[in-house]
1. Going through the stretch 149-164 one residue at a time, which ones are closer than 11 Å to residue 133 by Cβ and β-branched (Val, Ile, Thr)?
2. Out of the residues in the stretch 174-184 that are in contact with an Asp or Glu (Cβ under 8 Å, 6 or more places away or on another chain) and either free of Cβ contacts under 8 Å to residues at least 24 places away in the same chain or among the hydrophobic types (A, V, I, L, M, F, W, C) (or both), which is most open to solvent (accessible area, probe 1.4 Å)?
3. Assuming residue 20 fulfils every condition listed in (1) of a type in the set (S, T, N, Q); (2) closer than 21 Å to residue 278 by Cα; (3) touching a helix residue (DSSP H, G or I) at 6+ places or on another chain (Cβ under 9 Å); (4) outside any loop (DSSP other than H, G, I, E, B) apart from one, which condition is it?
4. I need a count of the residues in the stretch 1-17 that are within 39 Å of the chain's Cα centre (by Cα) and either at pLDDT below 50 or in a strand (DSSP E or B) (or both).
5. List every residue pair whose Cβ atoms sit under 8 Å apart, with the two residues 6 or more apart in sequence or on different chains, where the first one lies in the stretch 99-113 and is closer than 16 Å to residue 41 by Cβ and assigned to a loop (DSSP other than H, G, I, E, B) and the second, anywhere, is of a type outside the set (Asp, Glu) and open to solvent by 20 Å² or more (accessible area, probe 1.4 Å).
6. For the structure I just gave you, tell me whether residue 165 is of a type in the set (A, V, I, L, M), over 22 Å from residue 242 (Cβ atoms) and open to solvent by less than 40 Å² (accessible area, probe 1.4 Å).
7. Cβ-Cβ distance below 6 Å, separation of 6 or more or different chains: which pairs start in the stretch 38-66 with a residue that is closer than 16 Å to residue 85 by Cα and end on one that is of a type in the set (Asp, Glu) and open to solvent by less than 50 Å² (accessible area, probe 1.4 Å)?
8. Quick check on my filter: what residues within the stretch 210-233 are under 13 Å from the mean Cα position of the chain (by Cα) and modelled with pLDDT under 90?
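The values are calculated or read from the model by the stated rules, or taken from the named source; none is laboratory data. Please read these numbers as outputs of a predicted model, since none were measured by experiment. We place every Cβ from the backbone using ideal geometry, glycine too, and count neighbours over all the protein chains shown. Surface accessibility is based on the protein's heavy atoms, side chains included, excluding ligands, DNA and RNA. Shrake-Rupley method; radii C 1.70, N 1.55, O 1.52, S 1.80 Å.
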Amino acid sequence: MSSSDNKNRQTLHVEIDDQSGFCFGVVRAISKAEEELGKNETIYSLGDIVHNDMEVERLQKMGMKTIDHHDLEQLEDGTVFFRAHGEPPESYKTIKEKKLKLIDATCPVVLRLQKKVQAAWEEMKKKRGQVAIFGKIGHAEVKGLSGQTNHEAIILEKEEDVRLVDPSRPVVLFSQTTKSPVIFNNIADALKRRAMPGVEVRVHDTICRQVSNRAPHLRDFASKHDVVIFVGGAKSSNARALYDACFSVNPQTHFISSPDDLQPLWFAARPTSTGVCGATSTPLWLMEKVAEKIRTF
C-alpha cells in the first residue's frame, strides 16, 4: 500500500462533547427508574421518561411501560412514575383517589418553579392580575406549570404572543426551564413596553442555567470541528434549540436520532475532525455508539 493510501485511510478524529448529555434532573429521574426496575417491578411512566426514543426503548426492555393520562384513568393498581418534567395537580389527585403507588421524579428545579407559579397565581387573583409563561404549548413541563394556575396561565411561545396579555392588568412572567434566555428577555421587554402606565409587570427568569449555558458552549464546540453530529430525540424541543446553536456557527452540523441516521456522504470531503454532541435528553452511551460508527467511515 502506498503512503498516500495510508494517509487517505487514516482514522478520523472524533470528539464527544464532555458537557453534552443528561442534565441533573434527567439523571435523577433515570436513576430512580432503574432502581425500581432493578427490583423486577413494572412501573408505568406517565409520558416518555425522556425525549429520546432509544433511551425509552432501553428502559422498556427493563420493564418500564409508557402510558398517557387516559391510560392513567383506567389503571387499577401498580406504580406510576412522574418524570422530570413534572405534572399538574390533577395527576396527583388521580393517583391519590386510585390509591396507586407513586414515584415522583419531578426535577427539583421544576418543583420549585411550580410552587412559585402557584403562589403568584394566588396573589394575582386578588388583584385581577395575570400569570404568563414563556414555553411551548403542549409541552409536559408547561402543562404542569399551567396546572398550578387551574390552567388559567397565558402561554407565550414567541414575542408576538404578548398581545394575548391584557395591558391594563398586572402580570407576572415565568419561563419554562429549558427555553432561550434571549427570547425570554425580548418577551419581558415587550410586556413592559405594552403595559399601560403604572401597571405592574413582574419578571421571574426561571430558565435553568445548567441547560441554557449549553448553547454558548456548543457554539464554541461546533466551531472547532469540520463536521458536527448532533444527537437528539425528534420530540425534544431542547435538542432542536441546541442543534440550531451548533448550526448557526457550523453549517456542516447534522441532526440525528440514532447511529443508523448517519450518512457517509457527510464525510466524503474527508474532514480531519468531527464533533459529537447532544441535548439534555441524550444519553452518553448513544453518543458513544454514534462516534464508534463515524470512525468506520
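1. 149, 154, 155
2. Residues of the stretch 174-184 in contact with an Asp or Glu (Cβ under 8 Å, 6 or more places away or on another chain): 175-178, 181, 183-184.
From what is left, the residues that are either free of Cβ contacts under 8 Å to residues at least 24 places away in the same chain or among the hydrophobic types (A, V, I, L, M, F, W, C) (or both) are 183-184.
Details: 183: 72, 184: 2 Å².
Here the residue is 183.
3. It fails just one condition, (4).
4. Taking the stretch 1-17 as the starting set, the residues that turn out to be within 39 Å of the chain's Cα centre (by Cα) are 9-17.
Remaining after also requiring either at pLDDT below 50 or in a strand (DSSP E or B) (or both): 13-16.
Qualifying residue count, the stretch 1-17: 4.
5. 100/75; 100/78; 105/28; 105/32; 105/83
6. Details: of a type in the set (A, V, I, L, M): yes; over 22 Å from residue 242 (Cβ atoms): yes; open to solvent by less than 40 Å² (accessible area, probe 1.4 Å): yes.
Judged against the criteria, residue 165 is a match.
7. Close Cβ pairs (under 6 Å, with a partner that is of a type in the set (Asp, Glu) and open to solvent by less than 50 Å² (accessible area, probe 1.4 Å)) amount to 56/48; 66/48.
8. 210, 211, 212
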